[in-house]
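Take a look at the structure set out below.
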Amino acid sequence: MRRFILPGLVACAAGALIALLAFGVAHQGTNTSIDAAVAHGRRPLAPNAMLALPRLGASGDESLVALRGKVIVLNVFASWCDPCKAEAPVLEQTQRQIEGKNATVLGVTYLDNSSDSEQFVQQHGITYPVVRDVSGNFVKSFGTTGVPETFVINRQGRIVALRRYQLAGNWLQQTMTRILGQSA
């Protein structure tokens with residue numbers, strides 16, 4: 001009788017493990033993250049579009065819904081971030097190229113204080129609008145946990161491309177050429 005106990009326990013454990021694995025696979029569902037949606041060709045709505053964020057160094061606020069109808073390059077950055085410093089000229093050049101085409105870059109500061117962010121904007125000659133995410137809830141709704149991150153939002157308010165790391169090469173230029181070439 002004793003010789004059957006150990007094999008029986010092993011068989012039960014193996015059966016439970018197989019059942020747990022089958023349950024997990026069956027209930028896995030679809031990954032609904034922004035990254036997965038964009039990777040599969042879907043265009044999720046930009047989250048928190050109605051949330052108004054205060055403008056950096058200016059009065060008033062800005063929201064994605066107020067910019068609806070424009071293509072938006074939403075860039076999440078912080079003044080202390082070296083990759084953010086490296087990509088600032090790319091974003092400013094993009095702003096100059098797209099501003100007359102019903103499009104804009106929108107900077108969003110994250111985990112940064114206002115005076116440091118304002119100094120960053122001045123040092124890098126940033127002319128595009130910059131807002132402050134004081135609570136961090138806006139950028140977190142995009143799944144952001146670090147900086148820099150860039151999201152391209154079409155005129156209908158849908159995310160069509162993203163980079164969760166420093167912009168490099170001509171990805172942004174190619175993306176904007178494609179998006180701006182599409183009908184409104």
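Scanning the stretch 144-162 for residues that are at pLDDT 95 or above and more than 20 Å from residue 49 (Cβ to Cβ) yields 147, 148.
Among the conditions (1) assigned to a loop (DSSP other than H, G, I, E, B); (2) under 21 Å from residue 163 (Cα atoms); (3) polar (S, T, N, Q), the only one that residue 135 does not satisfy is (2).
For beta carbons closer than 9 Å, sequence separation of 6+ or different chains, a first residue in the stretch 89-101 that is surrounded by 12 or more Cβ atoms within 10 Å (Cβ to Cβ) and a second that is of a type in the set (Phe, Trp, Tyr), the qualifying pairs are 91/77; 91/128; 92/128; 94/128; 95/128; 99/128. Applying the criterion of being open to solvent by 50 Å² or more (accessible area, probe 1.4 Å) and assigned to a loop (DSSP other than H, G, I, E, B) to the residues of the stretch 37-51, the residue that is nearest to residue 160 (Cα to Cα) is 43.
The values are calculated or read from the model by the stated rules, or taken from the named source; none is laboratory data. All values derive from a computational prediction rather than experimental measurement. Here the Cβ is made from the backbone with ideal geometry for all residues, glycine too, and neighbour counts use every protein chain on show. Ligands, DNA and RNA are stripped out before the accessible areas are found, and what is left, the full protein with its side chains, is counted by its heavy atoms. Shrake-Rupley method; radii C 1.70, N 1.55, O 1.52, S 1.80 Å.
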